[in-house]
Amino acid sequence: MLVNLRILFASNGGGKWWLTRTPLQVGVACVETCVSGHFFKGYPVVRMLRGPIRCHCKKLKCTCILALLNKKYYKHIDDEKELKSVSISVNQNIKGLRVSGYKSLRRREKKVTIKMKESKNTHNPDGFKLSLDNRWISTSSTEGILFIHGIHHNLDDALKRFGQFLALGHFPSHIKPFVFNWPSSTSPLLYWCAQSIASDNDTHRDLKNFIKSLEIAGIKNLHIMCHSMGTRFFLRSFSTIKEVFRERSENINSPQLSPRQSVVLDSNLMNLEDETGIYLLNLIFLN
């Protein structure tokens with residue numbers, strides 16, 4: 001069984017051995033992968049749907065990703081499917097519910113009503129779909145996962161690795177996938193060169209510009225997954241990129257806070273949509 005999916009990317013790598021920093025480029029790639037049955041040697045296969053296109057935007061004001069999304073170059077395999085399942089869990093931090101793909105209008109929402117309705121979609125074989133009450137709204141355009149690869153990867157290698165991961169994991173449609181490709185060399189023998197580039201400030205600023213472009217495109221919540229030397233690259237860049245992330249308020253339910261203080265903090269958190277920055281939800285380091 002083959003699965004074809006699309007990934008948005010940014011790249012500043014190129015040159016001989018993929019060790020040269022180039023002007024930042026963005027685009028959308030199609031990645032075809034095997035997920036069951038025979039795993040063919042030639043897969044995953046990468047084809048460029050749009051790009052790479054050089055970014056000419058001003059620093060920290062990049063609208064390239066927004067343009068790609070608005071022109072519908074990115075599309076998830078499940079975008080046209082109706083809601084059939086939803087995951088609900090308890091969020092201990094706020095003493096409320098967490099619903100996958102949705103957010104509540106109130107911070108401490110403790111109720112969700114799910115109804116099974118008849119579907120008029122002719123492509124729906126079951127004839128039914130799920131519907132949530134109006135206290136919950138979809139986050140389909142606000143959540144993303146960013147992959148930062150390690151050594152011995154060019155752009156195609158990074159897209160293949162991440163595409164296979166996404167296909168096998170069957171990620172939900174409300175999480176948009178992104179790849180940042182940096183000049184990490186195409187040979188394991190150039191380890192020390194790649195290690196030096198992982199500390200390059202100009203490359204760090206390109207990553208910062210890309211993450212800021214995600215915010216401009218509407219991404220409010222971001223998961224970041226780093227592999228191998230991509231972890232070193234991200235940690236070395238954090239002092240540069242940290243200002244694009246939104247700060248979290250902790251201990252909102254601390255017993256040391258008075259009820260009045262707790263209400264004030266909760267009210268401030270509910271107005272965070274008006275602030276700039278992205279929430280860094282999960283940071284994953286892979287060996």
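The values are calculated or read from the model by the stated rules, or taken from the named source; none is laboratory data. Predicted model, so just to flag it, every value in this text is computed and none were measured. Cβ sites come from the backbone with ideal geometry, for glycine too, and all protein chains shown count toward neighbours. The accessibility values were calculated without ligands, DNA or RNA, using every heavy atom of the protein model including side chains. Shrake-Rupley method; radii C 1.70, N 1.55, O 1.52, S 1.80 Å.
Remarks
- Centroid-to-centroid separation of segment 25-56 and segment 201-223 [C-alpha atoms, Å]: 21
- Helix 229-241 axis versus longest C-alpha principal axis of the chain: approximately 70°, rounded to the nearest ten.
- Projecting label points 7 angstrom from Cα along Cα→Cβ for ARG108 and HIS38 puts them 6.0 nm apart.
- Rounded to 5, the percent of DSSP beta bridges in segment 100-238 classed as antiparallel: 40
- In segment 1-117, inverting the average of 1/r over every pair of distinct C-alpha atoms gives 18.3 Å as the Kirkwood radius.
- Of the two radii for the chain, the radius of gyration is 1.00 times the Kirkwood radius, both from the alpha carbons; that is the Rg over Rh value.
- Taking 0.36 nm per residue of separation and subtracting the Cα-Cα distance, full extension of the segment from PHE128 to ASP79 would add 16.0 nm.
- Residues of segment 45-60 with an amide N closer than 20 Å to a point placed 7 Å from the Cα of THR20 along the Cα-to-Cβ direction: 52-56.
- Among beta bridges that DSSP assigns inside the chain, antiparallel share in %, nearest 5: 55
- Percent carbon-and-sulfur accessible area, segment 139-191, ignoring ligands, DNA and RNA, probe 1.4 Å: 58
- When each of LYS58/LYS160; LYS41/LYS176; LYS59/LYS103; LYS84/LYS120 is checked by Cα-Cα distance, pairs over 20 Å: LYS58/LYS160; LYS41/LYS176; LYS59/LYS103
- Placing +1 on the Cβ of every Lys and Arg and -1 on the Cβ of every Asp and Glu, with nothing else charged, gives the chain a dipole about its Cα centre of roughly 300 debye.
- For segment 83-232, the share of alpha carbon pairs falling in successive 5 Å distance bins from zero is 2, 8, 14, 15, 15, 13, 11, 9, 7, 4, 3, 1 percent.
- Between LYS59 and LYS95, the simple spin-label model (points 7 angstrom out along Cα→Cβ) gives 4.6 nm.
- The angle separating the long axis of helix 201-216 from the principal Cα axis of greatest extent in the chain is about 40 degrees.
- Net lengthening on full extension, SER187/GLU247 (0.36 nm per residue, minus Cα-Cα): 17.8 nm
- For segment 165-251, size of Cβ-based charge dipole, Lys and Arg +1, Asp and Glu -1, in debye: 120
- Farthest towards the positive end of the charge dipole of the chain, among the residues LEU159, SER87, SER237, is the Cα of SER87, using unit charges on the Cβ of Lys, Arg, Asp and Glu.
- With protein chains left intact and a 1.4 Å probe, residues in the chain average 56 Å² of accessible area per residue.
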